[in-house]
Amino acid sequence: MQFASSKLAGNETDRLALLSIKGQITYDPFGIMYSWNNSFHHCSWQGVTCSTRHQRVTLLDLSSKQLVGTIVPQIGNMSFLRKLTLRNNTINGEIPQEIGRLFRLQNLELANNSFNGEIPVELSNCSRLIYLDLDGNRLTGKIPVELGLYLRNLQVLFLRSNNLTGELPYSLGNLSSLIALAAPENRLEGSIPYSLGQLTNLSYISLGANMISGDIPISLFNLSSLYHFAAPVNKLKGSLPIDIGSTLLGLRLLYLHSNLLSGVVPSSISNLTRLEKISLSRNQLTGKIPSLENLHNLQGLGMHFNNLGTGIEDDMDFFSSLVNITSFRELSLSVNNIGGQLPKNIGNFSTKFRSIGFARNKLFGRIPDGFVSLSNMEIVSLEYNQLIGEIPVSLGKLQKLKYFYVNGNKLSGKIPSSIGNLTSLYGLNLAQNNLEGTIPSVLGNCQLLQMLYLSRNRLSGAIPKEVLSISALSIQLDLPGNQLSGTLPLEIGSLVNLGYLDISDNKLSGKLPSTLGSCIRLENLYVQGNMFEGVIPSSLSSLKGLAYLDFSRNNFSGVIPKYFETF
């Protein structure tokens, strides 16, 4: 009889706690809590699961229901609760410290809400906790030291995208069961605790976009279980260990970009045969990039904005080592000191290869015809090198190409008409070369083109009206410093979304077409250094967003329009 009475009391405690929770939910668009009334036993209420024997609430799942409100302290009365998941709502206020009374709690999932205040120290009383996810809230203050002292069963600790401050507690090194630690996009500082290297089960570390400083503890590089190590956008310094390839044999992802790392890329990195992505960009790395031929699973290599390379030809030896990696997709090495030539066998690379970036290096030689075999190539960024020769006609076969940037080289010859076949093209930059001939009218076939840069070449002839009929051309049309002649076609008025137009320093003549006034999104307009004549069209008064213009060194007549008086 006493057992039955106790059971009923426990049931009533749970029911009242649930009703208290319902009372603080101010918005319930799906009517989740309509069933939460005396017409139904609380164990049948939506989102509630009870144990068979005691009829006590063991699971409360209200995730992704667009609920708005707060969580009441009475939640701590549901003493049999094992899993509480409220993720993906708009629940605000502080996390009740009374949750610390839920001694059976194993999973606490409060991610992607609007909780504020500090992480309650009392959570450390939930000694059975396995999974703690507080991602995507507005939590402040320090990570409680007590979490590392008492949550010995914790396997997952997610604290992403909050406003947490202070250092990562050294006590986290006591969480011997920990598998995943993620606290990126906070304001954490100090160094990465050396004690994390004691966690032999730790396989996932994500600490990016904080203010963490100091060297990466050497102990982390001994975690044979580690497959994901990401700590980009911090202030980490020091160098990668020479023997990195003999310890992190399970590593698949290494993201350490935007730090202060120095030294060389260890040659032993080629032993990490499970590596899929390497991002070491925006550091202070030097020396040659080692051979990566053993990284058979590599998909992406990012090391732009360093000081890699010596400026001589054998800097590109590593590139040839990638040729047999069938999974390879992305290479980003812009802004380094890499010399050498693009290999003639580039066409033998993986057909998955879709992005190559070597801008602002010291590459020389020609653009290989082999590019034509890279049928999935989307981005070619080779600007500001010392490339010579003509743009390969075969380039027009890259049907998926979206961006082709080779500006700032020494390319010569004509713009191949085959470029008109690149119907997926968004951006084309051929500026600052020695190109000659006319602008191919077939560029008008590139109807997705948003930006076209052809400045500082030796191009002649008229501006093709077909180019001015590309309605997508919205970011920039840049043609200055050529020998273009004829008039500015009436079709210029078709570019109603264009923000930047520069046709300066050419040999254009005639009157400015009144249709130019239809380019109502224009912010920058440069026509100086031509032979335009006549009056400035009154239609330009429609260009309300115009911030910069230059009409100098032409043959305009008449008075300066009043609508220009504000410039």
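Would you call residue 271 surrounded by fewer than 18 Cβ atoms within 10 Å (Cβ to Cβ) and more than 26 Å from the chain's Cα centre (by Cα)? Taking the combined requirement at face value, the residue satisfies it.
Would the range 78-92 turn up any residue that is surrounded by fewer than 19 Cβ atoms within 10 Å (Cβ to Cβ), touching a residue at least 40 places away in the same chain (Cβ under 8 Å), of a type in the set (S, T, N, Q) and under 22 Å from residue 127 (Cα atoms)? Scanning the range 78-92, I find at least one residue that is surrounded by fewer than 19 Cβ atoms within 10 Å (Cβ to Cβ), touching a residue at least 40 places away in the same chain (Cβ under 8 Å), of a type in the set (S, T, N, Q) and under 22 Å from residue 127 (Cα atoms), so the answer is yes. Could you say whether any residue in the range 246-254 is under 15 Å from residue 302 (Cβ atoms), surrounded by fewer than 22 Cβ atoms within 10 Å (Cβ to Cβ), of a type in the set (A, V, I, L, M) and without any contact (Cβ under 8 Å) to a residue 40 or more places away in the chain? Yes - at least one qualifying residue is present in the range 246-254. In a residue-by-residue description of the range 553-563, the property of being of a type in the set (A, V, I, L, M, F, W, C), in contact with an Asp or Glu (Cβ under 9 Å, 6 or more places away or on another chain) and closer than 24 Å to residue 413 by Cα applies to no position.
One residue is enough: does the range 403-413 have a residue meeting the conditions in a loop (DSSP other than H, G, I, E, B), touching a residue at least 12 places away in the same chain (Cβ under 8 Å) and within 29 Å of residue 326 (Cα to Cα)? Checked against the condition, which is being in a loop (DSSP other than H, G, I, E, B), touching a residue at least 12 places away in the same chain (Cβ under 8 Å) and within 29 Å of residue 326 (Cα to Cα), the range 403-413 yields at least one hit. Scanning the range 9-51 for residues that are touching a residue at least 12 places away in the same chain (Cβ under 8 Å), of a type in the set (S, T, N, Q) and not in a helix (DSSP H, G or I) yields 24, 26, 46, 49, 51.
Considering only residues that are part of a helix (DSSP H, G or I), under 21 Å from residue 34 (Cα atoms) and either modelled with pLDDT under 95 or touching an Asp or Glu at 6+ places or on another chain (Cβ under 7 Å) (or both), which ones fall in the range 61-103? Hit for the range 61-103 is 75, nothing else.
Counted as qualifying within the range 167-281 are the strands (runs of 3 or more DSSP E) with 2 or more residues that are closer than 21 Å to residue 318 by Cα, namely 253-255, 262-264, 277-279.
For residue 113, the requirement of being within 36 Å of the chain's Cα centre (by Cα), polar (S, T, N, Q) and crowded, with 19+ Cβ neighbours inside 10 Å is met.
Pairs linking a residue in the range 139-161 that is farther than 15 Å from residue 100 by Cβ to a residue that is small (Gly, Ala, Ser) and not in a helix (DSSP H, G or I), with Cβ atoms under 6 Å and 6 or more positions apart or on different chains, are 142/166; 153/177; 155/177; 156/180; 158/182; 159/183; 160/182; 161/136. Applying the criterion of at least 3 residues that are surrounded by fewer than 18 Cβ atoms within 10 Å (Cβ to Cβ) to the strands (runs of 3 or more DSSP E) found wholly in the range 450-535 leaves 458-461, 483-486, 507-511, 531-534. Picking from residues in the range 426-449 that are in contact with a strand residue (DSSP E or B) (Cβ under 7 Å, 6 or more places away or on another chain) and more than 20 Å from residue 504 (Cβ to Cβ), the one that is surrounded by the most Cβ atoms within 10 Å (Cβ to Cβ) is 449.
The single condition among (1) touching a helix residue (DSSP H, G or I) at 6+ places or on another chain (Cβ under 6 Å); (2) surrounded by fewer than 20 Cβ atoms within 10 Å (Cβ to Cβ); (3) under 25 Å from residue 279 (Cβ atoms) that residue 172 does not satisfy is (2).
Figure legend. Inter-residue proximity from the range 303-320: first residues touching a residue at least 60 places away in the same chain (Cβ under 8 Å), second residues among the polar types (S, T, N, Q) and surrounded by fewer than 23 Cβ atoms within 10 Å (Cβ to Cβ), beta-carbon distance below 7 Å, spacing 6+ or different chains. No pairs are indicated. Can you pull out every residue in the range 7-58 that is over 39 Å from the mean Cα position of the chain (by Cα), over 18 Å from residue 82 (Cα atoms) and of a type in the set (Gly, Ala, Ser)? Residues satisfying the conditions are 9, 20, 23, 35, 39.
Against the conditions (1) charged (D, E, K, R); (2) buried (at least 18 other Cβ atoms within 10 Å of the Cβ); (3) closer than 27 Å to residue 199 by Cβ, residue 282 satisfies every one except (3).
Would you be able to tell me the number of residues in the range 418-437 that are assigned to a strand (DSSP E or B), of a type in the set (A, V, I, L, M) and closer than 15 Å to residue 380 by Cα? Summing the residues that are assigned to a strand (DSSP E or B), of a type in the set (A, V, I, L, M) and closer than 15 Å to residue 380 by Cα in the range 418-437 gives 1.
In the set (1) free of Cβ contacts under 8 Å to residues at least 40 places away in the same chain; (2) among the aromatic types (Phe, Trp, Tyr); (3) surrounded by 18 or more Cβ atoms within 10 Å (Cβ to Cβ); (4) within 30 Å of residue 140 (Cα to Cα), residue 103 fails one condition alone, (3).
The values are calculated or read from the model by the stated rules, or taken from the named source; none is laboratory data. All of these numbers come straight from a predicted model, not from anything done at the bench. Heads up, the Cβs are rebuilt from the backbone with ideal geometry, glycines too, and the neighbour counts pull from every protein chain shown.
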